[in-house]
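Structure record follows, encoded as structure tokens.
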Amino acid sequence: MAQVPPGPAAPALAVWKFASCDGCQLTLLNCEDELLTLAGSVHIASFAEASSQVDPGPYDLSIVEGSITTRSDAERIKQVRAASRFLVTIGACATAGGIQALRNFKDDLTPVVYARPEYINALRTSTPIADHVRVDFELQGCPIDKRQLLEVIAAFLAGRRPNVRAHSVCIECKRAGRVCVLVAHGTPCLGPVTQAGCGALCPGVNRGCYGCFGPMESPNTESLSAVWRHLGVGGSALARTFAGVNAAAEPFRKAARAAENTEETGHDAR
């Protein structure tokens, strides 16, 4: 990426990758025209996805993608935090452990997956960045929404709080005039407990929400779980749904555990 020469004393921006698929970083690169404007407003000091040039810190804003899965990364994120004035995590991996956090729910799967597990040097769990260092803002999504990302960057450069709404996907459906797939069709949907940001993509094609943007501000997972069980979806199936791409997000983690316990005991966890 060719960077437009910034003005004097331009804020230094760094983008970091930990355990992830790079999809959220690609969201930034796919901003196209907006990216040119951004490159003219900041000094992109470190962004391995876009350039091999790396300038030393300190950095005014660090954007972090990915979860912590190795001991070396657990140390590296501390170095990133120390070199950053503000640190923002982006995407389900950085904010909730990502799909790799599925291993948090099971016994060690390394011997099952790898022929020579002794060569794998990884932590037993996959954890969000906030479990290791102070985070100034978390932007959820898998992948994140580019408009929300640009708002977050602009907000921190302007010295204000990002205006990212914390309401549920249901609000997006109502604003779009869509019929509720849960109420009208009996389709299991995580929309009532999932944060908005995707534009209600799945309900827009008559599919239930999968919770890609993680828990909304005040999710009532217990009530929604009861609705799902009434629809005939409970136990391990319900647990797998909550333990998806945001497996380490506390509300979803608790709901998954509760669903598993319900199946094991044969009693409603309530």
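The values are calculated or read from the model by the stated rules, or taken from the named source; none is laboratory data. Given the structure is predicted, the values throughout are model-derived calculations rather than measurements. Counting neighbours? That spans all protein chains shown, and the Cβs are built from the backbone with ideal geometry, glycine included.
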Item to check | Matching residues, region 140-150, being without any contact (Cβ under 8 Å) to a residue 60 or more places away in the chain and under 13 Å from residue 63 (Cβ atoms) | outcome: 148
Next on the checklist: Here is a check on your reading of the model: is residue 133 aliphatic (A, V, I, L, M), assigned to a loop (DSSP other than H, G, I, E, B), touching a Lys or Arg at 6+ places or on another chain (Cβ under 7 Å) and not assigned by TED's automatic domain parsing to the domain that holds residue 238?
Outcome noted: yes
Checklist entry - If a residue has to be crowded, with 21+ Cβ neighbours inside 10 Å and at positive phi to count, how many in region 209-253 make the cut? => result 2
Item to check | Matching entry among 151, 138, 172 (being of a type in the set (Asp, Glu), within 24 Å of residue 81 (Cα to Cα) and buried (at least 17 other Cβ atoms within 10 Å of the Cβ)) | outcome: 138
Checklist entry - For region 157-186, which residues satisfy the criterion of being touching a residue at least 24 places away in the same chain (Cβ under 8 Å) and of a type in the set (Val, Ile, Thr)? => result 164, 169, 171, 181
Checklist outcome for this item: Residues of region 175-187 being crowded, with 21+ Cβ neighbours inside 10 Å and either of a type outside the set (A, V, I, L, M) or touching a strand residue (DSSP E or B) at 6+ places or on another chain (Cβ under 7 Å) (or both), in sequence order, are none
Checklist entry - Out of (1) without any contact (Cβ under 8 Å) to a residue 24 or more places away in the chain; (2) closer than 25 Å to residue 253 by Cβ; (3) not in a helix (DSSP H, G or I), the odd one out for residue 103 is which? => result (3)
Checklist entry - Within the set of pairs 6 or more residues apart or between chains, which connect a residue that is under 10 Å from residue 74 (Cα atoms) inside region 113-134 to a residue that is surrounded by 10 or more Cβ atoms within 10 Å (Cβ to Cβ) and acidic (Asp, Glu) with Cβ atoms less than 9 Å apart? => result 123/73; 129/138; 132/73
Next on the checklist: Taking the condition of being within 8 Å of the chain's Cα centre (by Cα), closer than 16 Å to residue 210 by Cβ and aliphatic (A, V, I, L, M), how many residues in region 90-111 meet it?
Outcome noted: 2
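Can you tell me which of 53, 25 is surrounded by fewer than 20 Cβ atoms within 10 Å (Cβ to Cβ) and either out of contact with any Cys (no Cβ under 9 Å at 6 or more places or on another chain) or not basic (Lys, Arg) (or both)?
53
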Item to check | Within region 53-75, tally of residues that are touching a residue at least 40 places away in the same chain (Cβ under 8 Å) and out of contact with any strand residue (DSSP E or B) (no Cβ under 8 Å at 6 or more places or on another chain) | outcome: 1
